[in-house]
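Each value in this text was obtained by applying a stated rule to the coordinates, not by laboratory testing. These numbers come from a predicted model, not from an experiment. Counting neighbours? That spans all protein chains shown, and the Cβs are built from the backbone with ideal geometry, glycine included.
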Amino acid sequence: MKKQPRVYHGPFNIAGIPGILAKTEREAGYGSKAVCFPAGVYQRDVDQTITGFTADNAVAALIDYDVFNFHFGYSLWGDGLEDIPALRLAGKKVVMHFHGCDIRDSKVAQQKYAINPCQACWPMACNRNRAHAREVAQSLGRRVVVYTPDIHEFVPNATFLPQPVDLEALDAAKLRFEVHDRDPKVVRIVHAPSAVDLKGSVYLQQACAQLKARGVNVELRLMTQRTHEEVLEEVANADLVVDQLLAGAYGVFAVEAMALGVPTIGYIRDDLRSLYGDDLPVISATPQDIGNVILQTIERSDGWADIGARNRRYVEARHERRVVSRRLIELYE
């Protein structure tokens, strides 16, 4: 029987994705681990925590793993990526995973798109090694992954993989947190930005204030610097969720909300919509019309249950962790 490879995911556990992938690969017989830096309040499950880019860690990883999945533009040696050619010479397989600001060209984004996540981002949150990371990614051929289609243009040789989520864990969270005696007259809207400037949070805050001034009974729950458990508790009790309003593609927060059956709003760029499929259930809104979109969604509240069911089916078909993991494993071959 062929021995399954030992697989590394790291060094950053972006939105919990490396941890979810490592867990799922282990269930399929791979010797996979997520070996990542601590993430503070955003900490998610990993298999091993590291505290620095050290020679000892790099040598140990070289011995311990056959496949290296590098997330967010960093490798064992940091953002210089100097070790990737050596790993390949040693017969190791290397896959680079990009998540957003680690590869997005902020100048191109601002020049091409009237709505973009870079326009209000100062100081710039982009990785400083983006140009070099693109060069390295190009050398890897098909072993490059992007998790949102808005960044695909910056690494055109990449495979677009939907963000994986753990439906069993999300369902358990809903059972733990769902409250059934909330005030039905209040529409609770949950928004959990990791960075308010990048997500267009100010537009949502302004829209909710204007709706309240017009007598619409909305409550905005702005979840910043909160743990994953705290965010899930809010989402489990939300009427509506608003994801980002600038990038043009939805993030893991939206996927988790959809998995829990909550109507989800976010900005979907017109040129990216076809990449998500005809059954995309995210309700699109821009910074300019977010208030009207929320109001229209509230006025159609009798359809929320149907939207929630469509959301769940969409996530099961595209984002369920085993579905995504099988596609990633194909890149190891």
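Of note:
- Listed residue pairs exceeding 19 Å between alpha carbons, taken from 23/92; 185/212; 33/174; 3/93; 23/174: 23/92; 33/174; 23/174
- Projecting the Cα atoms of 170, 286, 115 onto the charge dipole of the chain (Cβ charges, centred on the Cα centre) puts 115 farthest toward the positive pole.
- Placed amide H near residue 219: partners under 5 Å, 5+ positions off or other chain: 187, 188, 189
- Residue of 126, 118, 36 that the Gaussian network model of the chain assigns the largest fluctuation, springs spanning Cα pairs under 10 Å: 126
- Within a Gaussian network of the chain (alpha carbon springs, distance under 10 Å), most fluctuating of 16, 141, 248: 141
- For the stretch 208-235, backbone nitrogen atoms closer than 16 Å to the point 7 Å from residue 178 Cα along Cα-to-C-beta are found at 232-235.
- Each of residue 197 and residue 273 was given a label point 7 Å from its Cα along the Cα-to-Cβ line. The distance between the two points is 3.1 nm.
- Rounded to the nearest 10 degrees, the angle from helix 290-299 to the longest Cα principal axis of the chain is 60 degrees.
- Amide hydrogen neighbours beyond the local backbone of residue 160, cut-off 5 Å, H modeled: 146
- Angle between the chain longest axis and helix 321-332 axis [Cα atoms, degrees, rounded to 10]: 30
- Contour minus Cα-Cα distance for residue 322 and residue 122 (0.36 nm per residue): 68.3 nm
- Hits among lysines - C-alpha to C-alpha of residue 112 under 20 Å, sequence gap 8 or more where chains match: 199
- Amide H contacts of residue 94: 68, each under 5 Å away and 5 or more positions distant or on a separate chain (H built 1.01 Å from N in the peptide plane; Pro and chain starts excluded).
- Projecting the Cα atoms of 10, 41, 51 onto the charge dipole of the stretch 6-161 (Cβ charges, centred on the Cα centre) puts 10 farthest toward the positive pole.
- Net charge dipole size for the stretch 224-333 [Lys, Arg +1 and Asp, Glu -1 on Cβ; Debye, nearest 20]: 320
- Rounded to whole Hz, the Karplus (6.51, -1.76, 1.60) HN-Hα couplings of the stretch 85-91, x for glycine and proline: x, 5, 4, 5, 4, 7, x
- Converting phi to 3J(HN,Hα) with the Karplus coefficients 6.51, -1.76 and 1.60 and the offset θ = phi - 60°, the stretch 227-236 yields 5, 4, 4, 5, 5, 4, 4, 5, 5, 4 Hz in sequence order, with x at every glycine or proline.
- Dipole of the chain, positive direction: furthest Cα of 250, 149, 139, with charges on the beta-carbon: 139
- Dipole magnitude for the chain: computed about the Cα centre from +1 point charges on Lys and Arg Cβ and -1 point charges on Asp and Glu Cβ, it is near 540 debye.
- Summed residue charge, Cβ within 10 Å of residue 116's Cβ, Lys/Arg positive, Asp/Glu negative: +2
- Couplings for the stretch 48-55, taken from phi via the Karplus curve 6.51 cos²θ - 1.76 cosθ + 1.60 with θ = phi - 60°, read 8, 9, 10, 10, x, 8, 10, 4 Hz in order; Gly and Pro are left as x.
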